[in-house]
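Q: Pasting a structure below so you can have a look.
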Amino acid sequence: MSPAFRAMDVEPRTKGVLLEPFVHQVGGHSCVLRFNETTLCKPLVPREHQFYETLPAEMRKFTPQYKGVVSVCFEEDEDRNLCLIAYPLKGDHGTVDSIDNSDCEPKSKLLRWTNKKHHVLETEKTPKDWVRQHRKEEKMKSHKLEEEFEWLKKSEVLYYSVEKKGNVSSQLKHSNPWSMKCHQQQLQRMKENVKHRNQYKFILLENLTSRYEVPCVLDLKMGTRQHGDDASEEKAANQIRKCQQSTSAVIGVRVCGMQVYQAGSGQLMFMNKYHGRKLSVQGFKEALFQFFHNGRYLRRELLGPVLKKLAELKAVLERQESYRFYSSSLLVIYDGKERPEVALDSDAEDLEDLSEESADESAGAYAYKPIGTSSVDVRMIDFAHTTCRLYGEDSVVHEGQDAGYIFGLQSLIDIVTEISEESGE
C-alpha cells in the first residue's frame, strides 16, 4: 500500500454517502458508482486523476466535469450485505459539501451501527461454526459471480421487454446486466482485500446521463492501439491481439457496449464488448444504425449534431501535442424517450441550435449549460492509460498527434455520414 493511502484521513462518519450501482454503465471493467443524480464516482487511478487535473481547456467540453476526490470504504449492514460508503477527505470540505446531496441516501438511514468498538467486519469473537458457514457462503457467492460472468460473455446481446405505460427509466435500474456485474466484482475485490486495506480513493465525475429520461448509451473503444506504455509484455500482446481481431485495427474504433431503448417494440437492448469485438466493419455500421433506431424509424435528427460534435472533437485533438489516449472510450448519449414534437424532417442544424451545449468560460473552466432533452452528447472517458509529455515520470514521450484515435474519429464520421446519406437525410 502506498504511503498516500496509508496517510489518508477521512472526516467523521456522519457525512458518509451510500454509493449505488450506476445503471447506465455499458462498458469497461472499472466499477462506476452513483454518488447522486448528477455525480458519479470511480476508483482513482493516478494517471487518470492527473489527466483531469491538467487537461487542456478546449478539451473540457468533450470530457465529464471533474468534481474532486473522496474516500470510499465498504461496510456491512445488519444483514451483512456489503455497502460502499463515500466520505470527504479530511480538510477537503469543498469536494463533497459543494455537491447537491439532496437526492443521496445518507448511510445513517441504511446502516445500523453497533456500539462495539471493533470493526464491523471483524470476526475474531464470532463463534467458529458461524465463521465456517460465513466463509462457505462467501465461496458460493464468488462461484455464482463467476458463473454469471460466463453467462454474460455468452449472452452478448440481450433484450428486455418493458411496460411502455409504466416508468421506463425506473425499469432501467433493474435491467442493465453489465453495470451489475461491474458492481459485484468491485465489492468482491474489496472484500477479499479487507485484511490489508479498507480505504480507497475515488474520483467524482459528472453523470452525463442525468439530463436524459431514458438514456441510450454507446461506448466506443477508440484508436488502433489499446495498451499503455507501462503495459507488461503479456498485457501488450493481449491488447494487440484484440485490436487485430476486431474493427480497431481496420477503422480505429470498435463497439465496447451499447444500451438502446426501442420505443417501437418496448424493448431495451444491451450489447456487450464481447459481441463488439466480433463485428466486421459492416457489422459495426449496422450496430451504429441500430443504436440510432428506435424500433420504428431512424432518429435522423440526431445524426447532424453527432457529426458536428465529432468534427469539433477531431479538430481539438489535432491540436493536442504529445497526448496518447490509449484504451480511452468515446460515449455517445441521447434520450430514447419519444418526443412527439420533434418532426422527422426537421433540419438537423436547426435542432442543434436549439440544444447546443454552451460553455460559459467567464464562469470558470468547468461551467456548463445543460443541453436540451432532444440533443445528443459526445464525450471522451477512461484515461487510465493516457500519456503526455507533461507527465514527467513517463519513460516514453510521444511526439505529435494521437494518429490512431484521430483515425478512429474520421472512420466514425465517415460511417455516420454514410448512414445519414443512405437514410435520405
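Q: Restricting to segment 232-263, count the residues that are open to solvent by 30 Å² or more (accessible area, probe 1.4 Å), closer than 18 Å to R324 by Cβ and either among the aromatic types (F, W, Y) or touching a residue at least 12 places away in the same chain (Cβ under 8 Å) (or both).
A: Adding up the residues that qualify gives 3.
Q: Return yes or no: is K221 over 19 Å from Q401 (Cβ atoms) and under 22 Å from the mean Cα position of the chain (by Cα)?
A: It is false that K221 is over 19 Å from Q401 (Cβ atoms) and under 22 Å from the mean Cα position of the chain (by Cα).
Q: Let me ask another. Given the condition at pLDDT 95 or above and assigned to a loop (DSSP other than H, G, I, E, B), answer yes or no: does some residue in segment 64-83 qualify?
A: The answer is yes; a qualifying residue exists.
Q: Would you confirm, using the coordinates I've provided, whether E53 is open to solvent by 50 Å² or more (accessible area, probe 1.4 Å), outside any loop (DSSP other than H, G, I, E, B) and either touching a His at 6+ places or on another chain (Cβ under 8 Å) or without any contact (Cβ under 8 Å) to a residue 24 or more places away in the chain (or both)?
A: Criteria met by E53.
Q: Which members of segment 189-212 meet the condition of being at pLDDT below 90, part of a loop (DSSP other than H, G, I, E, B) and among the charged types (D, E, K, R)?
A: K195, R197
Q: Take the residues in segment 396-422 that are of a type in the set (D, E) and in contact (Cβ under 8 Å) with a residue 40 or more places away in the chain; name whichever of them is nearest to Q290 (Cα to Cα).
A: E418
Q: From the list A287, A315, which residue is touching a residue at least 24 places away in the same chain (Cβ under 8 Å), among the small types (G, A, S) and either surrounded by fewer than 18 Cβ atoms within 10 Å (Cβ to Cβ) or not in a loop (DSSP other than H, G, I, E, B) (or both)? Walk me through it before giving the result.
A: Details: A315 fails: touching a residue at least 24 places away in the same chain (Cβ under 8 Å).
Just one listed residue meets the conditions, A287.
Q: Given (1) of a type outside the set (V, I, T); (2) surrounded by 18 or more Cβ atoms within 10 Å (Cβ to Cβ); (3) in contact (Cβ under 8 Å) with a residue 60 or more places away in the chain, where does G266 come up short, assuming only one miss?
A: Just one mismatch for G266, condition (2).
The values are calculated or read from the model by the stated rules, or taken from the named source; none is laboratory data. Being a predicted model, the structure only gives us computed values, none of them experimental. No Cβ is skipped: glycine too gets one built from the backbone with ideal geometry, and neighbour counts run over all protein chains shown. The protein model used for the area step is the full one, side chains on, heavy atoms only, and it has no ligands, DNA or RNA in it. Shrake-Rupley method; radii C 1.70, N 1.55, O 1.52, S 1.80 Å.
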